[in-house]
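> Sending over a structure as structure tokens; questions will come in a sec.
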Amino acid sequence: MKVKVIARNPDDYVRETKLDIQRVPRNYDPSLHPFEVSREYTRALNATKLERVFAKPFVASLDGHRDGVNCMAKHAKSLSTLLSGSCDGEVKVWNLSKHECVRTLQAHEGFVRGMVVRYCGTSFFTVGDDKTIKQWKMESPGYGEEEEPINTILGKTVYTGLDHHQNDPVFATCGQQVDIWDEQRSSPIRSFTWGVDSFSSVHFNPVETELLASCASDRSIVLYDMRESTPLKKVIMAMRSNTLSWNPMEAYYFTCANEDYNLYTYDMRYLAKPIMVHMDHVSAVLDVDYAPTGKEFVSASFDKTIRIFAKDGGHSREVYHTKRMQHVICIKWSADNKYILSGSDEMNIRLWKANAAEKLGVLAPREREAANYSQKLKEKFQHHPQIRRIARHRHLPKTIYHQTKELRVMKEARRRKERNVRKHSKPGSVPVVSEKEKHVVTVVK
């Protein structure tokens, strides 16, 4: 006689020790779960709400400067080291993990205009209003030693910007012209001019290391090749660019921060129009820096906010502001992609999380899995109106909110005027100019 017995394997439901989690039998047959999508939608909604609840991006404030922070530099080898230069000529070296200043030196008379760490991380360079370029050792002087630069070069004019080559002992400065220097020599090995009286910043391309770009006072962005004797080409825009940042992953792309409240991402091969116009700021954009992944960048503005943009997104995904923070002059994205550092007018350096709701510290495996799962859910349902509304909402200071509104009204009025002019003109006499083409005056080869 056959007896049918329901048999279960104890391994499927018995815990190995009483400290383990209770084992739950799971049947993944989709026909048994008819409401899976609605359940996932609820989870995604809750995950989005919780993300906004836990979005606390501000980590720490580093104070110690006695004047506005004018420039910053990341260490080439150490994640926890930051250098900052202020408007009174003082340079400070910070330990970010301890949130403290480890070294202070009086580098220049007047502003520190630019600073950069050598690619090996053993020394750094500064330029200032006193027409000098100075090279300093990275480690502090020993007991009883004087704080003195390794090397000092006295130039003819004030230098306004500085950048170092990725893997050669070569650096570039800009002022009345763009100069390329060898570290061993006291005069530039090459100088570039192109009918411009002054440059505000110069930057080496991190991928194609022989290329560099600079922003000039005649509203142009000029591209150079160190192997050539003359500049390559320049694009003249409607308003002046303050600085630019190369994409560290894609050799041809750079983003410039403009006075007309926007940022423009260009492909250096086709300068006739930008690939993307990034709008959201309500005042001049003063600095920009790419994330090490090359997928996002962060911008600092005169409107006292910091914004994070996707490299191909027209509007920012995140905006950071505090009541105390004044005009943000310089910004850096840390090399581990986790933090953003901003230096502002009121003498403080602030440390922010790059992802506002991210939990700091070591995550347990289950925490990490839960975070990844909720992230995937948010991506899956990101276009649902309810979820999109919650995810996009940001609290803005009243002044910025009203200025944004006002700018939108002005833009719409200009559009309406253009439409009316076109409507009442001979067909074809008033061409349609796209938003991207509006801001470029001409490209000079």
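> So if I check each of VAL235, VAL202, VAL222, which one is modelled with pLDDT of 95 or more, among the hydrophobic types (A, V, I, L, M, F, W, C), more than 23 Å from THR122 (Cα to Cα) and out of contact with any Lys or Arg (no Cβ under 8 Å at 6 or more places or on another chain)?
VAL235 is the lone residue from the list that is modelled with pLDDT of 95 or more, among the hydrophobic types (A, V, I, L, M, F, W, C), more than 23 Å from THR122 (Cα to Cα) and out of contact with any Lys or Arg (no Cβ under 8 Å at 6 or more places or on another chain).
> On to the next question. Residue by residue through region 263-279, note down the ones that are assigned to a loop (DSSP other than H, G, I, E, B) and open to solvent by less than 20 Å² (accessible area, probe 1.4 Å).
Of everything in region 263-279, those that are assigned to a loop (DSSP other than H, G, I, E, B) and open to solvent by less than 20 Å² (accessible area, probe 1.4 Å) turn out to be LEU271, PRO274.
> Assuming LYS417 fulfils every condition listed in (1) over 27 Å from the mean Cα position of the chain (by Cα); (2) at pLDDT below 95 apart from one, which condition is it?
(2)
> State which residue is nearest to GLY128 (Cα to Cα) when the search covers only region 165-211 and only residues that are open to solvent by less than 60 Å² (accessible area, probe 1.4 Å) and polar (S, T, N, Q).
THR173
> While we're on this one: For residues that are aliphatic (A, V, I, L, M) and touching a residue at least 12 places away in the same chain (Cβ under 8 Å), scanning just region 353-368, find the one that is farthest from SER334 (Cα to Cα).
The extreme case among them is ALA357.
> When the residues of region 105-122 are narrowed to those that are in a strand (DSSP E or B) and touching a His at 6+ places or on another chain (Cβ under 9 Å), which ends up surrounded by the most Cβ atoms within 10 Å (Cβ to Cβ)?
Within region 105-122, the match that is surrounded by the most Cβ atoms within 10 Å (Cβ to Cβ) is VAL116.
> Surrounded by 18 or more Cβ atoms within 10 Å (Cβ to Cβ), under 27 Å from the mean Cα position of the chain (by Cα) and farther than 25 Å from PRO248 by Cα: which single residue out of ILE133, ILE153 fits that description?
Testing whether each residue is surrounded by 18 or more Cβ atoms within 10 Å (Cβ to Cβ), under 27 Å from the mean Cα position of the chain (by Cα) and farther than 25 Å from PRO248 by Cα leaves just ILE133.
> Within region 259-306, work out how many residues are over 26 Å from MET347 (Cα atoms) and β-branched (Val, Ile, Thr).
Adding up the residues that qualify gives 4.
> Working only within region 280-320, note down all residues that are part of a loop (DSSP other than H, G, I, E, B) and either surrounded by 20 or more Cβ atoms within 10 Å (Cβ to Cβ) or of a type in the set (Ser, Thr, Tyr) (or both).
Those that are part of a loop (DSSP other than H, G, I, E, B) and either surrounded by 20 or more Cβ atoms within 10 Å (Cβ to Cβ) or of a type in the set (Ser, Thr, Tyr) (or both): ASP280, HIS281, VAL282, SER283, ALA291, THR293, ASP303, LYS304, THR305, LYS311, SER316.
> Which pairs do you get when a residue that is within 16 Å of ASP197 (Cα to Cα) and open to solvent by less than 20 Å² (accessible area, probe 1.4 Å), found in region 219-230, comes within reach of a residue that is modelled with pLDDT of 95 or more and of a type in the set (Ser, Thr, Tyr), reach meaning Cβ atoms under 6 angstrom, with the pair 6+ apart or on two chains?
Listed pairs, sorted by first residue: ILE221/SER241; VAL222/SER214.
> Against the condition assigned to a loop (DSSP other than H, G, I, E, B), modelled with pLDDT under 95 and either over 30 Å from HIS99 (Cα atoms) or open to solvent by less than 50 Å² (accessible area, probe 1.4 Å) (or both), how does GLU346 come out, does it pass?
yes
> If we keep just the residues of region 408-440 that are under 20 Å from LYS273 (Cα atoms) and among the aliphatic types (A, V, I, L, M), which is most open to solvent (accessible area, probe 1.4 Å)?
By that ranking, first place goes to VAL432.
> Would you confirm whether or not region 372-389 contains a residue that is at pLDDT below 95, of a type in the set (A, V, I, L, M), more than 25 Å from the chain's Cα centre (by Cα) and more than 21 Å from HIS278 (Cα to Cα)?
The answer is no, given that none of the residues of region 372-389 is at pLDDT below 95, of a type in the set (A, V, I, L, M), more than 25 Å from the chain's Cα centre (by Cα) and more than 21 Å from HIS278 (Cα to Cα).
> I would also like to ask the following. Report whether or not LEU377 is buried (at least 17 other Cβ atoms within 10 Å of the Cβ), aliphatic (A, V, I, L, M) and over 30 Å from GLY114 (Cβ atoms).
So LEU377 passes the test.
> Only one residue in GLN403, GLN386 is in contact with a Leu (Cβ under 7 Å, 6 or more places away or on another chain), touching a residue at least 60 places away in the same chain (Cβ under 8 Å) and open to solvent by 70 Å² or more (accessible area, probe 1.4 Å), so which one is that?
Only one candidate passes the filter, namely GLN386.
> Which number in (1) outside any helix (DSSP H, G or I); (2) touching a residue at least 40 places away in the same chain (Cβ under 8 Å) marks the one condition that ARG15 misses?
Evaluating ARG15 over (1) outside any helix (DSSP H, G or I); (2) touching a residue at least 40 places away in the same chain (Cβ under 8 Å) leaves (2) as the failure.
> Considering only residues of region 226-253 that are of a type in the set (D, E, K, R) and in contact with a strand residue (DSSP E or B) (Cβ under 6 Å, 6 or more places away or on another chain), which is nearest to LEU286 (Cα to Cα)?
Looking at residues that are of a type in the set (D, E, K, R) and in contact with a strand residue (DSSP E or B) (Cβ under 6 Å, 6 or more places away or on another chain), I get LYS234.
> Do you know which residues across region 19-69 are touching an Asp or Glu at 6+ places or on another chain (Cβ under 9 Å), over 30 Å from ASN95 (Cβ atoms) and assigned to a loop (DSSP other than H, G, I, E, B)?
Passing the criteria: ARG23, PRO25.
> If you go through region 4-60 one residue at a time, how many are loosely packed, with under 10 Cβ neighbours inside 10 Å and of a type outside the set (D, E, K, R)?
Residues in region 4-60 being loosely packed, with under 10 Cβ neighbours inside 10 Å and of a type outside the set (D, E, K, R): 20 in total.
> Could you list all residues from region 70-104 that are open to solvent by 50 Å² or more (accessible area, probe 1.4 Å), part of a loop (DSSP other than H, G, I, E, B) and either touching a Cys at 6+ places or on another chain (Cβ under 8 Å) or not hydroxyl-bearing (Ser, Thr, Tyr) (or both)?
Scanning region 70-104 gives ALA76, LYS77, LEU79, LYS98, HIS99.
The values are calculated or read from the model by the stated rules, or taken from the named source; none is laboratory data. What you see is a predicted model, and the numbers here were worked out from it, not measured in a lab. A quick note on method: Cβ atoms are made from the backbone with ideal geometry, for glycine too, and the neighbour counts reach across all protein chains shown. For the accessible areas, the whole protein counts, side chains as well, though only heavy atoms, and no ligand, DNA or RNA atoms are used. Shrake-Rupley method; radii C 1.70, N 1.55, O 1.52, S 1.80 Å.
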